[in-house]
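Novice: This is the structure I want to talk about, given as structure tokens.
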Amino acid sequence: MRPTLSFMVLIAGLWLVYLGYQRQQSLEGKAADTFARIGQKLDGGDHMPTHMTYYIAGAVLAVGGAVGLGLVKK
């Protein structure tokens, strides 16, 4: 059961990274990136576009799945 769940988590992580890449390349992603940069210049706060959230969540899931499968040692 554990290897199956780890494999599913790994696939979900890779899928989120793929979705983040697709959003980054889209017009909506480019606009979000531009507006985030403008917001950082105006108020100095952290404005993270949605595709960066996808990248971070996907990386966490992919690493967790890889560790669960034994592809990466702790």
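The values are calculated or read from the model by the stated rules, or taken from the named source; none is laboratory data. For clarity, every value in this text was computed on a predicted model and none was experimentally measured. Positions of Cβ are backbone-derived with ideal geometry, glycine not excepted, and every protein chain shown enters the neighbour counts. The area values use the complete protein model at the heavy-atom level, side chains included, leaving out ligands, DNA and RNA. Shrake-Rupley method; radii C 1.70, N 1.55, O 1.52, S 1.80 Å.
Novice: Restricting attention to the stretch 3-73, which trypsin sites (Lys or Arg not before Pro) occupy a DSSP loop and are surrounded by at most 13 other Cβ atoms within 10 Å?
Specialist: Sites meeting the loop and neighbour criteria: LYS73.
Novice: On the protein heavy atoms, probe 1.4 angstrom, tell me the percent of accessible surface of the chain carried by carbon and sulfur.
Specialist: 68 percent
Novice: Additional query: Would you mind checking the tilt of helix 50-69 against the longest principal axis of the Cα atoms of the chain, expressed as 0 to 90 degrees and rounded to 10?
Specialist: Result, in degrees: 10.
Novice: Now for a separate question. Can you give me the angle between helix 27-43 and the longest principal axis of the chain, using Cα atoms only, in degrees from 0 to 90, rounded to the nearest 10?
Specialist: On a 0 to 90 degree scale, this one is about 60.
Novice: Might you tell me the accessible area per residue for the chain, computed with a 1.4 Å probe and given in Å²? Walk me through the numbers before you get to the answer.
Specialist: Numbers: 5430 Å² over 74 residues.
That works out to 73 Å² per residue.
Novice: I've got another one for you. For the Cα atoms of the chain, what angle does the longest principal axis make with the long axis of helix 2-25, in degrees from 0 to 90, nearest 10?
Specialist: For 2-25 against the chain, the angle is about 20 degrees.
Novice: Hey, what number do you get for the chain at 222 nm if only DSSP H runs of n ≥ 4 count, each worth -39500 (n - 2.57), divided across all residues, to the nearest 500?
Specialist: So the helix-based figure for the chain works out to -28500 deg cm²/dmol.
Novice: Rounded to the nearest 0.05, what FRET efficiency do GLN22 and MET1 have when you use their Cβ-Cβ distance and R0 = 22 Å?
Specialist: With R0 = 22 Å, the Cβ-Cβ based efficiency is 0.10.
Novice: How long are the three semi-axes of the equivalent ellipsoid of the chain, in whole Å, if each is the root of 5 times an eigenvalue of the C-alpha gyration tensor, listed from largest down?
Specialist: Values: eigenvalues 201, 34, 9 Å².
Working through the eigenvalues yields semi-axes of 32, 13, 7 Å.
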